[in-house]
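Scroll down for the structure; my scribbles are underneath it.
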């Protein structure tokens, strides 16, 4: 379904211009569907998630209304095994601009990025439990972070930036798991979502979106879908694209680089929270081995800490046991674990993948 | 169950004054968080403290080794994943603990028995980094300061009775944080405790270090730029000490990453400014990086050394230059774990006992009365033939660990100490002349100004001292004698007539007072401590 072919252009200031000369009035065909999403930038944060009218009723189905497009990054951030559903909405007539394979799309004012965090098979009743819905809304000046915390009845989520822990026990592939799930405080958002202190989305980079997605109306490339709907101006044919790190059919190195990109690069970048450490984990920088920390001596000696091991390098080829990255991924202690936030459990599959990859590397760091 | 460990005696034949070596000994440490050496049972001997979410494990120092103790606590919501801090926050005679976690802090406050703990978890979100106990508003009660990694730093003002108020902003103010290592020092010798914050990460403004000057009137002014300490290196802690014994606190700003520059040694000019004296100091060629930098005189030569991680101690050569020496431990907690006057290190499951040498020493135990019980924030001065040394009593140095609250001095080959002066946060000054060396010295705030005056006039004595409720006045013919009680500052706070040999002082606030008794035209005075 295509969005309006610009009968009317709804400009940023909300001024209506007629822009058609030979097709005035309604066409003979069916009227264009209009997105029911409600957004007044002067009135946010709305107290309830339902106030935005992003989803049909019942809210907990997370069934998007017209204009709210689902998306999914190819590789996703690990957040203690929580499942996620993500959506994009933009005001009518506005669209995002391509800025580079590895740069987030430049979104128009009024864009809402929606990310719902939930677990399936939550004990005792093996039901689904949605914990939080995080919104990023592009205002005139900057991105705003707004978090909505779901009630136990799963009927509504309420604006709440305080942060809290929610104990969850659930079945993951037949194995019972527990987590004290962290809903972040508002101050936590910026530490990942920033470049040079300016708030930014992370997952909406063309390199992460360039894949097929099963929409209700059929499978389609996500960038193509956004373009067809009018949410994206244009994009190049060739995009340097990450792989899904969970896809074992992909080359190991690309999987690891894709994992580091989505889990680590937002801090470990030139303008990020942890810019003073050597690694540069963005996908388009990790074809250069030192950016991955290969044969780089760590600044901080973590060997004094429990489970800190005895790493000699950030990554020592062939030797996970001498690689700081391995220990930092394979611990829950908060002063050495990485990533610093979003993770309190060990991401077992990622640790196994990184261990396998380090073991496969050659070189003696001399 | 009790078990005692014998300390290994490691007396070595030592010739060099600067001799420094350590002997490792395993200790039966329990608990995940092993970051603290501090006295826990009120005997002023340093103990080893480690914790889990519901237990405090203490290896109590005794004359014959360590005695394991463990205390159940309420379950802590926040654990000391980032920093561990100790001090007698509630003033009950036992040190309390502050766990600095990634989502907030939890206080474990002793309940006055030495074996029970009351938990206080403020609701505020804090990505805690270094925390300190310090009397920020100088009301005699310890407050707590907590560096925030992703927002303005937070502090908790002590309201007494285990209650506190939470404050954010004004002391470490960058909106997205970057506050890593706070240390409270008196950099300008004005008697008011100042705050230095080591900063790191993000953009330049975020990682520029802060210096907050205490104006003495409850306000602070950020003066890093005018002091020359607005350094833009990536640092998680800084080691403050008077490295050249000129009477002013210098600072080694040690980096955790060299991405925007290396370590700096900044000499205090004594006029509120600092000069970069890194070049040629040995600090410039030291290649280690770390988040811990702690000042300690390890070899008791009277010059403060620097302990970081990376298995190195930077030994002070006595001329503002340093020489790194290798040691068998990295990050650890510092204290005197065998009461021999040489600072040892506890790390993970081992104590690295300082083998010592022939240098002389003293350690000062400061007990505040008007000021906070630990005397945190006091300036301690030591005068000996080699000159004057200074220390600030501090809780929370380096980035993560907690070390002894006793104030430790080496005096090299000097065989006597001319005097020790303690300038308390209250303004009271105590001077102890010619104290014995090579042993602890307890100084109670106000004690050296406690002697009876005019004893020839009117003979009487008072007890108990310190007093809680009733002061007994003992002497001849004192019934119905007039008395006056002045605060040490001179304010008249009570007057009346002695009745049944007693004066009820229950209504007085904690502090030091002078009672004067007059009979038949004769007056004599005593000083006493109201608890």
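Annotation note: of B:420, B:455, the sole residue that is within 30 Å of residue B:302 (Cα to Cα) and either modelled with pLDDT under 85 or not in a loop (DSSP other than H, G, I, E, B) (or both) is B:420.
Show me the strands (runs of 3 or more DSSP E) entirely contained within the stretch B:156-206 in which 1 or more residues are free of Cβ contacts under 8 Å to residues at least 60 places away in the same chain, within 14 Å of another protein chain (Cβ to nearest Cβ) and in contact with a helix residue (DSSP H, G or I) (Cβ under 9 Å, 6 or more places away or on another chain). Output list reads B:194-199.
Note on the stretch B:68-117: among residues that are within 14 Å of another protein chain (Cβ to nearest Cβ) and part of a strand (DSSP E or B), the one that is surrounded by the fewest Cβ atoms within 10 Å (Cβ to Cβ) is B:106. From A:223, A:190, grab the single residue that is at the interface with another protein chain (Cβ under 10 Å from one of its Cβ atoms) and either surrounded by 14 or more Cβ atoms within 10 Å (Cβ to Cβ) or over 17 Å from residue A:78 (Cα atoms) (or both). Criteria check complete, one pass: A:190.
Just one of the listed residues (B:289, B:285) is in a loop (DSSP other than H, G, I, E, B) and under 27 Å from residue A:335 (Cβ atoms), and it is B:289. Search the stretch B:243-292 for residues being farther than 25 Å from residue B:402 by Cβ and within 14 Å of chain A (Cβ to nearest Cβ), and hand back the single one that is surrounded by the fewest Cβ atoms within 10 Å (Cβ to Cβ). If we take residues in the stretch B:243-292 being farther than 25 Å from residue B:402 by Cβ and within 14 Å of chain A (Cβ to nearest Cβ), then B:287 is surrounded by the fewest Cβ atoms within 10 Å (Cβ to Cβ). So which residues in the stretch B:486-523 are without any contact (Cβ under 8 Å) to a residue 40 or more places away in the chain, under 19 Å from residue B:466 (Cβ atoms) and part of a strand (DSSP E or B)? Answer for the stretch B:486-523, where residues must be without any contact (Cβ under 8 Å) to a residue 40 or more places away in the chain, under 19 Å from residue B:466 (Cβ atoms) and part of a strand (DSSP E or B): B:486, B:487, B:493, B:494, B:502, B:503, B:504, B:513, B:514, B:516. When residue A:260 is tested against the conditions (1) surrounded by 15 or more Cβ atoms within 10 Å (Cβ to Cβ); (2) within 14 Å of another protein chain (Cβ to nearest Cβ); (3) without any contact (Cβ under 8 Å) to a residue 60 or more places away in the chain, the lone failure is (2). Within the stretch B:207-228, the set of residues being touching a strand residue (DSSP E or B) at 6+ places or on another chain (Cβ under 8 Å), surrounded by fewer than 22 Cβ atoms within 10 Å (Cβ to Cβ) and assigned to a loop (DSSP other than H, G, I, E, B) comprises B:208, B:215, B:223, B:228.
Tell me which of these residue A:309 doesn't satisfy, since it passes every other one: (1) crowded, with 17+ Cβ neighbours inside 10 Å; (2) over 29 Å from the mean Cα position of the chain (by Cα); (3) assigned to a helix (DSSP H, G or I). Here residue A:309 clears every test but (3). Inspect the stretch B:128-148 for any residue being more than 18 Å from residue B:211 (Cβ to Cβ), in contact with a helix residue (DSSP H, G or I) (Cβ under 7 Å, 6 or more places away or on another chain), touching a residue at least 12 places away in the same chain (Cβ under 8 Å) and outside any strand (DSSP E or B) and give the result as yes or no. No, every residue in the stretch B:128-148 fails to be more than 18 Å from residue B:211 (Cβ to Cβ), in contact with a helix residue (DSSP H, G or I) (Cβ under 7 Å, 6 or more places away or on another chain), touching a residue at least 12 places away in the same chain (Cβ under 8 Å) and outside any strand (DSSP E or B).
Which residues, counting only those in the stretch A:105-114, are crowded, with 19+ Cβ neighbours inside 10 Å and touching a residue at least 60 places away in the same chain (Cβ under 8 Å)?
Here is the first cut: in the stretch A:105-114, the residues crowded, with 19+ Cβ neighbours inside 10 Å are A:105, A:107, A:110-114.
Passing the criteria: A:105, A:107, A:110, A:112, A:113, A:114.
Filtering A:245, A:235 for residues that are away from chain B (no Cβ under 14 Å), buried (at least 18 other Cβ atoms within 10 Å of the Cβ), in a loop (DSSP other than H, G, I, E, B) and under 18 Å from the mean Cα position of the chain (by Cα) leaves a single hit, A:245.
When residue B:483 is tested against (1) farther than 25 Å from residue B:367 by Cβ; (2) part of a loop (DSSP other than H, G, I, E, B), only condition (2) is not met. When residue B:369 is tested against (1) within 16 Å of residue B:46 (Cα to Cα); (2) assigned to a loop (DSSP other than H, G, I, E, B), just one condition goes unmet, and that condition is (1). On the stretch given as the stretch A:166-186, residues that are under 21 Å from the mean Cα position of the chain (by Cα) and at pLDDT below 95 total 0. Taking residue B:309, is it within 14 Å of chain A (Cβ to nearest Cβ), crowded, with 20+ Cβ neighbours inside 10 Å and out of contact with any strand residue (DSSP E or B) (no Cβ under 9 Å at 6 or more places or on another chain)? Considered against the rule, which asks whether it is within 14 Å of chain A (Cβ to nearest Cβ), crowded, with 20+ Cβ neighbours inside 10 Å and out of contact with any strand residue (DSSP E or B) (no Cβ under 9 Å at 6 or more places or on another chain), residue B:309 comes out as yes.
Among the residues that make up the stretch A:116-130, is at least one of them under 22 Å from residue A:225 (Cβ atoms) and under 16 Å from the mean Cα position of the chain (by Cα)? Before the answer, list the steps.
The first filter runs over the stretch A:116-130 and keeps only residues under 22 Å from residue A:225 (Cβ atoms), leaving A:116.
Those left that are additionally under 16 Å from the mean Cα position of the chain (by Cα): A:116.
Checking the stretch A:116-130: at least one residue is under 22 Å from residue A:225 (Cβ atoms) and under 16 Å from the mean Cα position of the chain (by Cα).
Checked against (1) free of Cβ contacts under 8 Å to residues at least 60 places away in the same chain; (2) assigned to a loop (DSSP other than H, G, I, E, B); (3) crowded, with 24+ Cβ neighbours inside 10 Å, residue B:382 meets all criteria but (2). Scanning the stretch A:280-305 for residues that are farther than 22 Å from residue B:312 by Cβ and either within 14 Å of another protein chain (Cβ to nearest Cβ) or surrounded by fewer than 21 Cβ atoms within 10 Å (Cβ to Cβ) (or both) gives A:280, A:284, A:285, A:287, A:288, A:289, A:290, A:291, A:293, A:295.
The values are calculated or read from the model by the stated rules, or taken from the named source; none is laboratory data. Just so we're clear, the structure is a prediction, and the values are computed from it rather than from any experiment. As a convention, Cβ positions derive from the backbone with ideal geometry for all residues, glycine included, and neighbour counts pool all protein chains shown.
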